[in-house]
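Asks: Before we start, here is the structure in question, set down as structure tokens.
What follows is calculated from the coordinates using simple rules that are stated; it is not laboratory data. Source: prediction; values computed, not measured. Here the Cβ positions follow ideal geometry from the backbone for every residue, glycine too, while neighbour counts run over all protein chains shown.
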Amino acid sequence: MAIRERLSGNEAVAYAMRQIDPDVVAAYPITPSTEIPQYFSQFVANGQVHTEFVAVESEHSAMSACIGAEAAGARTMTATSSQGFALMWEMLYIAASMRLPIVMATVNRALSAPINIHNDHSDAMGARDSGWIQIYNESNQEAYDSLIMAVRIAEHSDVQLPVMICYDGFITSHSVENIMLLEDDVVKNFVGEYKPQFSLLDKEHPVSMGMFDLPAYYFEHKRQQVEAMKNAKKVISQVQDEFAKISGRQYGLFEEYKLEDADIALVIANSTAGTAKETVDMLREKGVKAGLLKIRLFRPFPSEEIARALSHVKAVAVMDKAESFSAAGGPLFTDVRSAMYGIADGVKVINYVYGLGGRDVDVHAIEHVYNHLQKIAASGQIDNLYNYLGIRE
């Protein structure tokens, strides 16, 4: 019997962590992810979990401790944001390269400088090629569900990669929403007992981890990571199907909202998708065939599936809440545009960068983007390929 509750995003994620009861959690506080280890430390203090909670002196140390614990065969989790995420940078690559199935809640926040504690996707998007699986979440419910599924995905024998669950700082992390929770025993049964393939503490089957890798083998190990990422897409779909059976909530690699007959569409990630859905509904009432594709899985990138889902529309705007400073568009835009090449060549694709540093984006701003797409669809010509939404030029 599901449990109806009202929780913030951070509370929901901490609650899921309690239900999973990992062996080790190592964390250092940083806004807006601080509440996750704070709430979880209360579960530890109250004896509600068996977790070894490691309070470290920095985020670099937090990920280092997670790597050591996971290498020793412990199911391990953590959480961070922004500058703390950046301080972990070296260790993110090491965790992925050592094929350690760590699960991390990444509460998205802008990167300094200037100092800004509000939401955009610069942190996680900057590490998109670090070798971590990245799953983006619109709501508290999605963040809760994704964290539970992430354990199964990361630990699958065909994957063995770390997973970050991304959701928007303050907008999702601190906002209270209605949520449906699973029972503790259901979650426990779903994630199962952790049985690591390799462990530094398994003296009967000794292994080396993180050793010096010369040119004779390094390339092959990188290739193995690529294959694991390819495998992850299929595994994620399988885990989502199993999760639907216990929860009644079915997820996909991405979400299509009124996209099947759309002439114009947005591609967007995380909480702004909710605002965009409201805009789609408003435009539909006016007879405009607007649609939306919401990114959930960003790494590995489901390129062919996204291209096919968008192949019938006339014009698409890819919305980036991060600037890549490439002078060629935001990170999501470049991936979507590349994916559509050869599959959906007739579709006009433009980019909008929005919401940096927490700049508010409302229904009227999203409507402006759809109006721009209507003009492109009617003329068949792109006027401005790279655009900024809600900025003082």
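Asks: Order these by the 10 Å Cβ neighbour count, fewest first: Thr272, Thr34, Thr172, Thr76. The partial results should precede the final answer.
Replies: Working: Thr272 23, Thr34 19, Thr172 28, Thr76 31.
Fewest-to-most ranking of Thr272, Thr34, Thr172, Thr76: Thr34, Thr272, Thr172, Thr76.
Asks: A follow-up question, please. For the stretch 98-108, just list the computed ³J(HN,Hα) in residue order, Karplus coefficients 6.51, -1.76 and 1.60, θ = phi - 60°, integers in Hz, with x standing in for Gly and Pro.
Replies: 7, 6, 9, x, 6, 10, 10, 7, 10, 8, 5
Asks: Could you give the nm distance between label points at Asp383 and Glu52, where each point is 7 Å from its Cα heading toward the beta carbon?
Replies: 6.2 nm
Asks: Shape call for the stretch 254-389 from the C-alpha gyration tensor, a ≥ b ≥ c root eigenvalues: rounded (a/c under 1.5), prolate (a/b greater than b/c) or oblate? Let's see the in-between values first.
Replies: Working: a/c = 1.23, a/b = 1.05, b/c = 1.18.
It comes out rounded by the Cα gyration axes.
Asks: Further question on the same structure: So for the chain, taking the charge dipole from beta-carbon charges (+1 Lys/Arg, -1 Asp/Glu), which of Ala365, Tyr341, Ala72 sits furthest toward the positive end?
Replies: Tyr341
Asks: Follow-up. Using 0.36 nm times the number of residues separating Glu285 and Arg249, minus their current alpha carbon distance, what extension gain do you get? Show your work: numbers first, answer last.
Replies: Working: separation 36, 0.36 × 36 = 12.96 nm, distance 2.76 nm.
Separation in residues times 0.36 nm, less the Cα-Cα distance, equals 10.2 nm.
Asks: Separate question: For the stretch 319-370, what does the alpha-carbon gyration tensor say about shape, rounded, prolate or oblate, given a ≥ b ≥ c as the root eigenvalues, a/c under 1.5 as rounded, and a/b over b/c as prolate? Walk me through the intermediate numbers first.
Replies: Details: a/c = 3.30, a/b = 1.48, b/c = 2.23.
The shape class here is oblate.
Asks: R0 = 25 Å: FRET efficiency of Tyr194 with Val44, Cβ-based, nearest 0.05? Kindly include the intermediate steps, with their values, before the conclusion.
Replies: Values: r = 18 Å, r/R0 = 0.72.
Plugging the Cβ-Cβ distance into 1/(1 + (r/R0)^6) gives 0.90.
Asks: With respect to the cross-link table entries Lys188/Lys230; Lys258/Lys375; Lys230/Lys289; Lys203/Lys233, which display a Cα-Cα separation exceeding 23 Å?
Replies: Values: Lys188/Lys230 27 Å; Lys258/Lys375 20 Å; Lys230/Lys289 34 Å; Lys203/Lys233 33 Å.
Violating the 23 Å Cα-Cα cut-off are Lys188/Lys230; Lys230/Lys289; Lys203/Lys233.
Asks: Round to the nearest 0.05 the FRET efficiency obtained for Ser237 and Trp89 when R0 = 30 Å and r is the Cβ-Cβ distance.
Replies: On the way: r = 30 Å, r/R0 = 1.00.
About 0.50, to the nearest 0.05.
Asks: Any chance you could run the full-extension gain for Ile3 through Asp362? It's 0.36 nm times the residue separation minus the Cα-Cα distance, nm to one decimal. Spell out each step's value before the answer.
Replies: Numbers: separation 359, 0.36 × 359 = 129.24 nm, distance 3.19 nm.
Roughly 126.0 nm would be gained on extension.
Asks: Once both labels are modelled 7 Å past Cα along the beta-carbon direction, what's the Glu256-Ser311 spacing in nm?
Replies: So the two model labels end up 1.1 nm from each other.
Asks: Could you work out [θ]222 nm for the chain from helices alone, using -39500 (n - 2.57) per DSSP H run of at least four and dividing by all its residues? Round to the nearest 500 deg cm²/dmol. Write out the running numbers ahead of the final one.
Replies: Working: 13 runs with 159 residues, N = 393.
Counting only the DSSP helices, I get -12500 deg cm²/dmol.
Asks: Hey, another quick one. If we count other beta carbons within 10 Å of each Cβ, what is the order of Val56, Val280, fewest first? Display every interim value, and only then the final one.
Replies: Working: Val56 16, Val280 26.
Starting with the residue having the fewest Cβ neighbours, the order is Val56, Val280.
Asks: Moving on to the next point. Rank Met229, Ile179, Gly291 by how far each Cα sits towards the positive end of the charge dipole of the chain (+1 on Lys, Arg Cβ; -1 on Asp, Glu Cβ) and give me just the farthest.
Replies: It is Gly291, whose Cα lies furthest towards the positive end.
Asks: Take the alpha-carbon centre of the stretch 233-272, take the same for the stretch 91-138, and report the distance between them in whole Å.
Replies: Centre-to-centre (Cα) distance: 21 Å.
Asks: Within a 10 angstrom radius of the beta carbon, how do Ser303, Ser81 rank from fewest other beta carbons to most? Intermediate results must be reported in sequence, preceding the final value.
Replies: Numbers: Ser303 16, Ser81 28.
So the ranking, lowest neighbour count to highest, is Ser303, Ser81.
Asks: Using the Cα centre as the reference, give the magnitude of the dipole from point charges on the C-beta atoms of the chain (Lys, Arg: +1; Asp, Glu: -1; all else neutral), rounded to the nearest 20 debye. Can you show the working numbers first?
Replies: Values: 34 positive and 50 negative charges, 143 e Å.
Taking the Cα centre of the chain as origin, the dipole is about 680 debye.
Asks: By its C-alpha gyration tensor, with a ≥ b ≥ c as the square roots of the eigenvalues, how is the stretch 153-243 shaped: rounded for a/c under 1.5, else prolate for a/b larger than b/c, else oblate? Working shown, then result.
Replies: Values: a/c = 2.20, a/b = 1.71, b/c = 1.29.
Because a/c hits 1.5 or more and a/b exceeds b/c, the stretch 153-243 counts as prolate.
Asks: Sorted by mean Cβ packing within 10 Å, highest first, what order do the peptides 336-347, 286-297, 354-365 take? Intermediate results must be reported in sequence, preceding the final value.
Replies: Numbers: 336-347: 15.8, 286-297: 20.3, 354-365: 17.7.
Result, highest mean first: 286-297, 354-365, 336-347.
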